[in-house]
Amino acid sequence: MDAAAVLTNLMLAIDERRWSDLVQFLHPEFECRYVHTGETFDRDQWIRLNAEYPGFDRLLLQEVVGDVRAAASRSHVTGVGENGLEHFECATFVRVRDDGRIDVMTEVWTGTAQSAPAGTRGEA
């Protein structure tokens with residue numbers, strides 16, 4: 001299975017809350033880095049983070065590109081928070097080993113209700 005298929009199946013398992021299935025997609029030496037917070041998680045920590053994330057609602061995979069060894073995806077994630085349904089975008093980048101499991105993942109998360117900083121866009 002190529003990296004794009006592995007990543008697609010991993011994201012589908014998350015959306016379906018099949019937490020015990022996640023381990024099959026992740027190499028024992030798996031490491032995930034969250035660029036936006038500087039955090040790093042091993043396989044068990046990352047699975048637990050996803051399974052126990054408060055208010056998780058859906059993960060909708062919007063795009064996946066890749067080849068045999070590497071893939072990237074863009075997902076829209078929703079969760080229920082203090083202000084109701086909250087929306088996030090996530091970019092995920094993975095590398096897959098010969099055994100077909102992900103050993104390196106990088107994720108970048110952002111909320112969708114942001115505005116560009118003043119003065120960074122041309123005037124309309």
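General remarks:
- Over all other residues within a Cβ to Cβ distance under 10 Å of D2, the charged ones net out to 0, with Lys and Arg as +1 and Asp and Glu as -1.
- Qualifying GluC sites (Glu not before Pro) in segment 1-84, DSSP loop, other Cβ atoms within 10 Å at most 15: E16, E52, E82
- Net charge of neighbours whose Cβ lies under 14 Å from the Cβ of S73, counting Lys and Arg as +1 and Asp and Glu as -1: -4
- The modelled label-to-label distance for the pair V23/E52, using points 7 Å beyond Cα in the direction of Cβ, is 1.6 nm.
- For segment 46-62, 3J(HN,Hα) per residue [Karplus equation, 6.51 cos²θ - 1.76 cosθ + 1.60, θ = phi - 60°, Hz, x = Gly/Pro]: 5, 4, 4, 4, 5, 5, 9, 5, x, x, 3, 10, 8, 10, 9, 6, 9
- Residue-span extension gain [R33 to T120] - 0.36 nm each, minus C-alpha spacing: 28.5 nm
- Segment N83-D98, length gained on full extension (0.36 nm per residue, minus Cα span): 1.0 nm
- Segment 24-75: trypsin sites (Lys or Arg not before Pro) in DSSP loop, at most 15 other beta carbons within 10 Å: R69
- With Cα atoms, 0 to 90° folded angle of helix 3-15 axis to the chain main axis: 70
- Across the chain, the relative contact order, built from alpha-carbon pairs under 8 Å that are at least six residues apart, equals 28 percent.
- If you plug the beta carbon distance of D42 and N9 into 1/(1 + (r/R0)^6) with R0 = 25 Å, you get a FRET efficiency near 0.75.
- For H27, nonlocal amide neighbours, meaning residues 5 or more places apart or on other chains whose placed amide H falls under 5 Å from its own, are I102, D103.
- Cα-Cα P(r), the chain, percent of pairs per 5 Å interval: 2, 11, 19, 24, 20, 10, 7, 4, 3, 1, 0
Any read-out appearing in this document is the output of simple, stated calculations on the displayed coordinates, not a laboratory observation. These numbers come from a predicted model, not from an experiment. Don't worry about glycine lacking a Cβ; one is built from the backbone with ideal geometry, like all the others, and counts go over all protein chains shown.
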